[in-house]
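Working notes, beginning with the structure itself.
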Amino acid sequence: AQKVTQAQTEISVVEKEDVTLDCVYETRDTTYYLFWYKQPPSGELVFLIRRNSFDEQNEISGRYSWNFQKSTSSFNFTITASQVVDSAVYFCALSDRNTGNQFYFGTGTSLTVIP
Amino acid sequence: DAGVIQSPRHEVTEMGQEVTLRCKPISGHNSLFWYRQTMMRGLELLIYFNNNVPIDDSGMPEDRFSAKMPNASFSTLKIQPSEPRDSAVYFCASSLGPGTSGSNEQFFGPGTRLTVL
């Protein structure tokens, strides 16, 4: 069965600190896809990144970076030098060949960046 | 592109009334999803369509909920009769579908905040 666990319910950091959001997933498929979404206070869900199971290279996009480790079934998200605008709920999601294009979302991590 | 469009953005209704939520997916996307988000249950998939055909409606809570996709550019989610426990934010999302390369990211609309009194 597919499952996504975001164990951190809420995190607070002071502006300019680095913060890592954890995501652990479960799937029996060897081909799967992982995603991160951001939900700011305004409520919309914004796509951040997609990663497939055959690409374990870490990715960096500005202050954002993602660490994909199949050995630990984790797809963690790090924000460097956090800013107040990073305050949001962040969701990790999984899909695989059994789910088609249906996503399994984690419960989200609420990040508050304190000025 | 305008992105996924949902209407209305806010809806307040009384228990027992019929509610219809509307969604226009991104042009060219062939998969459409309806989600419900509440504090208690998080983000739940209600139903999704591929090429206008419902594929999985196992997330629809009960017979009071129904969804249709009469064409590639329009979908509705209807609740009849509505109940206070239906109060939530309802999101519509669309994607290119699995294709041959696997799953594609979903793009979400702004959501409809439904309050049933």
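The values are calculated or read from the model by the stated rules, or taken from the named source; none is laboratory data. Quick caveat: nothing in here was measured; it's all calculated off a predicted structure. Don't worry about glycine lacking a Cβ; one is built from the backbone with ideal geometry, like all the others, and counts go over all protein chains shown.
Kindly establish whether A:E17 is touching a helix residue (DSSP H, G or I) at 6+ places or on another chain (Cβ under 9 Å), more than 12 Å from chain B (Cβ to nearest Cβ) and assigned to a loop (DSSP other than H, G, I, E, B).
Values: touching a helix residue (DSSP H, G or I) at 6+ places or on another chain (Cβ under 9 Å): no; more than 12 Å from chain B (Cβ to nearest Cβ): yes; assigned to a loop (DSSP other than H, G, I, E, B): yes.
Taking the combined requirement at face value, the residue does not satisfy it.
Would it be correct to say that A:F35 is touching a residue at least 60 places away in the same chain (Cβ under 8 Å) and either under 22 Å from B:S95 (Cβ atoms) or surrounded by fewer than 15 Cβ atoms within 10 Å (Cβ to Cβ) (or both)? So that I can check it myself, show each step before the final result.
Details: touching a residue at least 60 places away in the same chain (Cβ under 8 Å): yes; either under 22 Å from B:S95 (Cβ atoms) or surrounded by fewer than 15 Cβ atoms within 10 Å (Cβ to Cβ) (or both): yes.
Yes.
Which of the residues that make up the stretch A:54-86 are surrounded by fewer than 18 Cβ atoms within 10 Å (Cβ to Cβ) and closer than 24 Å to B:A93 by Cβ?
Listed by number, the residues that qualify are A:D55, A:E59, A:S61, A:Y64, A:V85.
When you look at A:R28, is it at pLDDT below 95, in a strand (DSSP E or B) and of a type outside the set (A, V, I, L, M, F, W, C), yes or no? Even if it seems obvious, please write down each step before you answer.
Values: at pLDDT below 95: yes; in a strand (DSSP E or B): no; of a type outside the set (A, V, I, L, M, F, W, C): yes.
When the stated conditions are applied, A:R28 does not pass them.
For the stretch A:36-69, what are the residues that are part of a strand (DSSP E or B) and aromatic (F, W, Y)?
Taking the stretch A:36-69 first, the residues part of a strand (DSSP E or B) are A:36-39, A:46-52, A:59-61, A:64-69.
Within the stretch A:36-69, A:W36, A:Y37, A:F47, A:Y64, A:W66, A:F68 meet the criteria.
Anything in the stretch B:48-84 that is touching a residue at least 24 places away in the same chain (Cβ under 8 Å), more than 14 Å from every other protein chain (Cβ to nearest Cβ) and not in a loop (DSSP other than H, G, I, E, B)? List them, or say none.
If the condition is that a residue be touching a residue at least 24 places away in the same chain (Cβ under 8 Å), more than 14 Å from every other protein chain (Cβ to nearest Cβ) and not in a loop (DSSP other than H, G, I, E, B), then B:A67, B:M69, B:F74, B:S75, B:T76, B:L77, B:K78, B:I79, B:P84 are the ones that fit.
A quick yes/no check of all residues on (1) hydrophobic (A, V, I, L, M, F, W, C); (2) under 16 Å from the mean Cα position of the chain (by Cα); (3) facing chain B (nearest Cβ under 10 Å):
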site: A:D22; (1), (2), (3): no, yes, no
site: A:T31; (1), (2), (3): no, no, yes
site: A:L48; (1), (2), (3): yes, yes, yes
site: A:S53; (1), (2), (3): no, yes, yes
site: A:Y64; (1), (2), (3): no, yes, no
site: A:N76; (1), (2), (3): no, yes, no
site: A:S82; (1), (2), (3): no, yes, no
site: A:R97; (1), (2), (3): no, no, yes
site: A:S110; (1), (2), (3): no, yes, no
